[in-house]
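*Asks:* One structure coming up, written as structure tokens, with questions to follow.
The values are calculated or read from the model by the stated rules, or taken from the named source; none is laboratory data. All of these numbers come straight from a predicted model, not from anything done at the bench. Neighbour counts run over all protein chains shown; Cβ positions are idealised from the backbone, glycine included.
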Amino acid sequence: MNNETNKKPAPKPALALSVQRAVRALGAPLRADIVRVMRATLQRDAQITLRMVGEDEGRALNHSYRHKDYATNVLSFVYETHPVVMGDLVICVPVVEREAQAQGKSLMAHYVHLMVHGVLHLHGYDHQQDDEADIMEQLEISIMADLGYADPYQDRECP
């Protein structure tokens with residue numbers, strides 16, 4: 001028998017996930033949806049907390065950590081990238097709802113994109129430079145397609 005056919009697929013990265021819902025979010029992904037998205041995005045074992053927040057908490061966090069006085073859609077707090085990804089994602093529910101409506105996207109598609117985007121940040125990807133942005137964007141498009149969603153950059157607006 002050929003050794004290539006005897007090879008077992010590489011094990012999927014392990015995920016330790018905590019989901020916190022600080023606000024009521026109708027139409028937000030359920031835990032099973034979140035796990036599916038994160039598993040599709042993970043490149044290494046990970047310990048992630050995903051917190052869904054309201055406008056006030058989102059604004060306070062963005063102000064404290066990025067010195068920007070407004071709530072943004074997703075914040076990524078990276079603690080480790082190797083050997084295990086460790087970090088927090090904060091998604092601001094009202095911002096996501098407004099953006100999805102303004103961009104003509106389904107609410108779930110927008111949540112999924114922001115989770116993919118945030119998890120890639122936790123892995124160390126960034127979009128500060130054009131070449132880095134291109135790599136990250138292509139990964140997002142590919143992962144979104146694997147999950148059954150359209151290119152989130154069709155309208156060329158970055159999260």
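*Asks:* Of the residues that make up segment 110-128, is at least one of a type in the set (A, V, I, L, M) and without any contact (Cβ under 8 Å) to a residue 40 or more places away in the chain?
*Replies:* No: zero hits.
*Asks:* Tally up the residues in segment 88-111 that are crowded, with 20+ Cβ neighbours inside 10 Å, in contact with a Gly (Cβ under 9 Å, 6 or more places away or on another chain) and closer than 19 Å to Met38 by Cβ, please.
*Replies:* Looking only at that region, the number is 6.
*Asks:* Among the candidates Leu17, Leu75, single out the residue that is closer than 21 Å to Gly124 by Cα, surrounded by 15 or more Cβ atoms within 10 Å (Cβ to Cβ) and not hydroxyl-bearing (Ser, Thr, Tyr).
*Replies:* Leu75
*Asks:* Let me ask something else about it. Let me spell it out: the conditions are (1) over 15 Å from Ala25 (Cβ atoms); (2) modelled with pLDDT of 95 or more, and Val93 meets all of them except one. Which number is the exception?
*Replies:* If we test Val93 against (1) over 15 Å from Ala25 (Cβ atoms); (2) modelled with pLDDT of 95 or more, just (1) comes out false.
*Asks:* List every residue pair whose Cβ atoms sit under 6 Å apart, with the two residues 6 or more apart in sequence or on different chains, where the first one lies in segment 93-107 and is small (Gly, Ala, Ser) and the second, anywhere, is at pLDDT below 95 and assigned to a helix (DSSP H, G or I).
*Replies:* No pair meets every condition.
Residue by residue, here is whether (1) surrounded by fewer than 17 Cβ atoms within 10 Å (Cβ to Cβ); (2) within 16 Å of Met115 (Cα to Cα) holds:
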site	(1), (2)
Ala10	yes, no
Ala28	no, yes
Arg31	yes, yes
Arg39	yes, yes
Gln43	yes, yes
Leu61	no, no
Ala71	no, no
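*Asks:* Then there is this: From the list Tyr70, Tyr65, Tyr111, which one is among the hydroxyl-bearing types (Ser, Thr, Tyr) and under 17 Å from the mean Cα position of the chain (by Cα)?
*Replies:* Criteria check complete, one pass: Tyr111.
*Asks:* Would you tally the residues in segment 114-152 being in contact with a helix residue (DSSP H, G or I) (Cβ under 6 Å, 6 or more places away or on another chain) and in a loop (DSSP other than H, G, I, E, B)?
*Replies:* 7
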